[in-house]
1. Of Cys33, Val73, Leu91, which is farthest on the positive side of the dipole of the chain, counting Cα position, with +1 on Lys and Arg Cβ, -1 on Asp and Glu Cβ, and the Cα centre as origin?
2. Add -39500 (n - 2.57) for each DSSP H run of 4 or more in the chain, then divide by its residues: what number comes out at 222 nm, to the nearest 500 deg cm²/dmol?
3. Starting from the coordinates of the alpha-carbon atoms of the chain, obtain the Kirkwood hydrodynamic radius over all distinct pairs and give the value in Å to one decimal.
4. For the Cα atoms of the chain, what angle does the longest principal axis make with the long axis of helix 119-128, in degrees from 0 to 90, nearest 10?
5. What are the lysines whose alpha-carbon lies under 21 Å from the alpha-carbon of Lys20, with same-chain residues fewer than 8 places away excluded?
6. In region 3-50, what is the volume of the convex hull around the alpha carbon atoms, normalised per residue and reported in Å³?
7. Explain nothing, just compute: Karplus ³J(HN,Hα) = 6.51 cos²θ - 1.76 cosθ + 1.60, θ = phi - 60°, for every residue of region 64-78 in order, whole Hz, x for Gly and Pro.
8. Given axes a ≥ b ≥ c from the Cα gyration tensor, I'd like to know whether region 23-107 is rounded (a/c under 1.5), prolate (a/b larger than b/c) or oblate.
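Quick note: the coordinates plus some simple rules give every number you see, no bench work behind them. Keep in mind it's a predicted model, so treat the numbers as computed, not measured. Positions of Cβ are backbone-derived with ideal geometry, glycine not excepted, and every protein chain shown enters the neighbour counts.
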Amino acid sequence: MKCEQVQRRLSAFLDGELSKKQASRISEHVSGCPHCQQEAESLSAAWEQLGEMQEVHPSPHFWIKLNARIAQVEQRRFSLDKVRRFLDRLLVPATVVAASVFGLWIGGALYDVQRTDEPEVWEQVTASLYLDALDDFPAGSIGSVYMELISDQEGL
Ligand SMILES: [Zn+2]
């Protein structure tokens, strides 16, 4: 028998739960293997210490209080799950609304700036929004069409 097999059955062996044949095989291995002997001794010592521990007698209301507490925790978790699901459902529409508001704000700001007859202000604004990156797009591309739309000029 291998040490691993013996050690897996040590607990059952010490409790006398094995058949005579299995018990004698394990006993034979343990008596000839210092490693498994050590393992058996420490397991047996742990069982002895557990047996010496005082038995706890809970109050008669313990189980009722414990069940109430578990129900309370589950109720709270259920409420948090509901809030989380609600927020998850809200996240996508909120992001779309925020992006739309931001887009409208940028569009409005560009429209206002574009209406001023100061080309240097327009250049500053487009540069700060990195819209000048669209200047390099060839005629007829999305970038040039966008610049046409917001600048009200043709053939940018
Ligand atoms: Zn062994």
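1. Of the listed residues, the answer is Cys33.
2. Details: 6 runs with 118 residues, N = 156.
Estimated from H runs of four or more residues: -26000 deg cm²/dmol.
3. On the way: mean 1/r = 0.0406 Å⁻¹.
About 24.6 Å, per the Kirkwood formula over Cα pairs.
4. 10 degrees
5. Correct list for Lys20: Lys2.
6. Values: hull volume 3.0 nm³, N = 48.
So the per-residue Cα hull volume is 61 Å³.
7. With the stated coefficients, region 64-78 comes to 5, 5, 4, 4, 5, 5, 4, 4, 4, 5, 5, 4, 5, 4, 4 Hz.
8. Details: a/c = 6.34, a/b = 2.24, b/c = 2.82.
Because a/c hits 1.5 or more and a/b fails to exceed b/c, region 23-107 counts as oblate.
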